[in-house]
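Enquirer: One structure follows; several queries about it will come next.
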């Protein structure tokens, strides 16, 4: 009886191995691995931020209630989605492109301020994104500090910037000094 059971297991293993071999040489209809989806972080009722959304995610933004998309990704960046504007506008949403950083330089106070002004003018709710999400998170935190937070609390905000970005799950350390400078300039 033990021999029959062992033979049956061997047949089962061979069957599985053969199926795996067929799968290994058969082209998959979908690309593998699939592109990573961006995590969209809702910061306020009007503003959310993320890294570069996939084409599939962008195609669903209108149905999710977004009125606009603010893209901070540089056209030079490999993650830049060239058809994003058309995909956004086809859903009746507003598309705004304000590149905040390039391969050669990080954002400065001026570019963060331009992005913040574009966010203020964009129809709400707005999804703001860049390649990795760090610049979008920085501008989102600036928006909360300058447009939502009372003036007396802004100094406290500057000291808590790093912790709040960690709480959002985004490393904004590259933008911290510039964000604090922008906050201090706006609060003066």
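Enquirer: Tell me, which residue of segment 117-133 that is in contact (Cβ under 8 Å) with a residue 60 or more places away in the chain and not in a strand (DSSP E or B) is nearest to residue 49 (Cα to Cα)?
Expert: By that ranking, first place goes to 133.
Enquirer: When you go through (1) loosely packed, with under 14 Cβ neighbours inside 10 Å; (2) closer than 18 Å to residue 132 by Cβ one by one for residue 74, which number turns out not to apply?
Expert: (1)
Enquirer: Checking the conditions here, which among 92, 65 is touching a residue at least 24 places away in the same chain (Cβ under 8 Å), surrounded by fewer than 17 Cβ atoms within 10 Å (Cβ to Cβ), over 15 Å from the mean Cα position of the chain (by Cα) and more than 24 Å from residue 168 (Cβ to Cβ)?
Expert: None of the other options fit; the residue is 92.
Laboratory data are not the source of any read-out in this text; all were calculated from the coordinates shown. Here the structure is a predicted model, which means the values were calculated and not measured. Note that we place each Cβ from the backbone using ideal geometry, even for glycine, and neighbour counts take in every protein chain shown.
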